[in-house]
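**Q** I'd like to ask you about the structure that follows.
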Amino acid sequence: PDWLLQDETLAALGVIAGSRFVNTDNGEGFSYTTDQGSVGDIYLRALSLGLRVLIYEGDSDACGLQTAPIEDYFTKLFDDNGIKQTAVWRPWSLENSVQAGYRIEWLDGNATFASIRGSGHLAPLNRPAASLALFSSFVQGASLPGTTWHAA
């Protein structure tokens, strides 16, 4: 989108003047490799240190990533490690009532998994308003817009 190439955006991101970008996120030609089977221990360590954790993903990723398996993975990881789910899977929305995705919480919101509806893994590019709402809420320690508290 055009906003990504605006001088103000590039300056805010610390991009070197004159840099060029091409959006090649079409899901073709990618060869993902990993040197770690799971990142779960990283999240568990962060929580053990008292840090808040946000796990998010787009629910329509062209690379085959889907919300359900990722949500299932973190639910099992946290359950197996005695981390209490404190809010059930429920929708969240933008202030204009447009549904932005779903979320689930553990440890009274200190660990959150959220999906961004209609986005791939480049959520800020695909869904900038929803991404801003998600990241802003997390940084400010606030609930996502359009959600109400439902104990698990």
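No value in this document is a laboratory result; all are computed from the given coordinates. Note that the structure is predicted; figures quoted are calculated from it, not measured. Backbone-built Cβ (ideal geometry, glycine too); neighbour counts: all protein chains shown.
**Q** For the pair S38/S19, report the inter-label distance in nm, with labels modelled 7 Å from Cα in the Cβ direction.
**A** For S38 paired with S19, the spin-label model returns 3.4 nm.
**Q** Go ahead and collect, in residue order, the members of the range 1-15 whose backbone nitrogen is under 12 Å from a label point 7 Å along the Cα-Cβ direction of A46.
**A** none
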